[in-house]
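To start, the structure under review is shown below, and the notes come after it.
The values are calculated or read from the model by the stated rules, or taken from the named source; none is laboratory data. Since we're looking at a predicted model, the values are computed, not measured. Heads up, the Cβs are rebuilt from the backbone with ideal geometry, glycines too, and the neighbour counts pull from every protein chain shown. Calculation scope for accessible area: heavy atoms of the full protein, side chains included, ligands and nucleic acids excluded. Shrake-Rupley method; radii C 1.70, N 1.55, O 1.52, S 1.80 Å.
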Amino acid sequence: MRRFLDGWYPPFRRQRPTRVDTPLGRLVRYARRTRLMIGAALAVAPQFATARDALPIERLTLPPGFHVEVLSDQVPGARGMVLGPKGTLFVGSRAQGDVYAITLDPSRAYAAKVRTVASGLNMPVGVAMRNGALYISAVSRIVKLDDIENRLDNPGKPAVVYDKLPGESHHGWRYMAFGPDQRLYIGVGAPCNVCKRDENRYAMIGSIKPDGTDWRVVARGVRNTVGFDWQPGTNTLWFTDNGRDLLGDDVPDDKLNRLTRVGEHFGFPYCHAGDVSDPEFGQEKRCSAFTPPMAKLGAHVAALGMKFYTGKQFPEAYRGSIFIAEHGSWNRSRKVGYRVERVVLDTKGNVAKQEVFAQGWLGNDESVWGRPVDLLTLPDGSLLISDDYAGAIYRITYRKP
């Protein structure tokens, strides 16, 4: 009999009979262990089922009929998103250096499992898919994982596709996506707040073939874009662009731009927001020399991901709208952004209206619990939003009120 330190003696137990190692005995013991493990799993299951409830999504406000739920809160630093042909959601990150694969529940689009398919990369923000291969941005390099959806548990080492991008970390995180022409488009930010550098290498959007050859400059004078998409029907490239800092709380605006010709120049570093001459470089070139924005989005809102809504679940009026994730200000006296904006175009492709679609990540007391980054329309027409601050992916659905 064992004596405990406080003097308590356990009650008398009948001694168990000596175990006889027979096939029947082993089968019985296996059944008991399995029953215990299943019971333990069921006891823990409700905790996993309600993990998404830990985020205060009740603070988020959307138009009538729209509902938000947490797809997963187990995606640290969630940034760029892309959907694989077999329905796997791939998500990049920034400081974490990881790329995640999220298996969705076909019935509800909940995250059934989150895997890390790449790690140790340099700010792998951008992810793109082509022919079953996952392309990943890593500052100076573009790498890929072939046949990734059939190798989620053993993806192997990424192969280098292109390694001639600038290596500076300032605005070095790169959004990218395949365009309608099957070329990979890559945003390359300015390595500074404001500076003059080679316009064929910095502050621009470029593209390459899927095998990493034939680098081309697509747009110049783009300070830092972390989101772009092609308008359905026209295949015209639209993109967000972050305005410069240190000119005050309300100047200059972030921009929504539209590319009408290859090589078009959008003003940086000479002109900001279409009409704000830079104090240092503005005297060299007038704002009238550059392409103005299609819309001004507000100063310091940090407009990142943008997507045309291509689904059919939302009401007719929302189809073809542009949704923009505003990551939120970092150096303004009062915070702005931390929301998702909707931009409505008219029949001629011009901006007809701008309005807030989803907000509530920023509290009235300026407390912050989430920062939207990227957007993605699922095949069922629901809209996903990534959040690197909360490490989460949200799903927005619509049901007629």
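Assorted remarks:
- The number of residues in segment 171-228 being outside any strand (DSSP E or B), open to solvent by less than 20 Å² (accessible area, probe 1.4 Å) and either at pLDDT below 95 or among the aliphatic types (A, V, I, L, M) (or both) comes to 4.
- Applying the condition of being in contact (Cβ under 8 Å) with a residue 40 or more places away in the chain and crowded, with 17+ Cβ neighbours inside 10 Å to segment 355-364 and asking which residue is farthest from Gly305 (Cα to Cα) yields Gly360.
- Test for Arg115: is it open to solvent by 10 Å² or more (accessible area, probe 1.4 Å), charged (D, E, K, R) and either in a strand (DSSP E or B) or over 13 Å from Tyr175 (Cα atoms) (or both): yes
- If the condition is being outside any strand (DSSP E or B) and either free of Cβ contacts under 8 Å to residues at least 12 places away in the same chain or surrounded by fewer than 18 Cβ atoms within 10 Å (Cβ to Cβ) (or both), then segment 85-112 contributes Pro85, Lys86, Gly87, Ala95, Gly97, Asp105, Pro106, Ser107, Arg108, Tyr110.
- Failed criterion for Ile136 (all others in (1) part of a loop (DSSP other than H, G, I, E, B); (2) among the hydrophobic types (A, V, I, L, M, F, W, C); (3) under 22 Å from the mean Cα position of the chain (by Cα) hold): (1)
- Among the residues of segment 71-103, those that are of a type in the set (A, V, I, L, M) and closer than 18 Å to Phe178 by Cβ comprise Met81, Val82, Leu83, Leu89, Val91, Val99.
- A Cβ distance below 9 Å, combined with a sequence gap of six or more or placement on separate chains, defines the contacts here; from segment 320-347, residues that are free of Cβ contacts under 8 Å to residues at least 40 places away in the same chain reach residues that are among the β-branched types (Val, Ile, Thr) and in a loop (DSSP other than H, G, I, E, B) in the pairs Ser329/Val301; Ser329/Val336; Val336/Val301; Gly337/Val301; Tyr338/Val301; Arg339/Val301.
- Test: residue in segment 131-143 that is among the polar types (S, T, N, Q), modelled with pLDDT of 95 or more and farther than 30 Å from Arg201 by Cβ: no
- One residue alone among Gly337, Gly320 is surrounded by fewer than 23 Cβ atoms within 10 Å (Cβ to Cβ) and assigned to a loop (DSSP other than H, G, I, E, B), and that residue is Gly320.
- Hey, Phe281 surrounded by 19 or more Cβ atoms within 10 Å (Cβ to Cβ) and aromatic (Phe, Trp, Tyr) or not: no
- Residue identified as part of a loop (DSSP other than H, G, I, E, B), of a type in the set (Gly, Ala, Ser) and open to solvent by less than 50 Å² (accessible area, probe 1.4 Å) among Ala128, Ala78: Ala78
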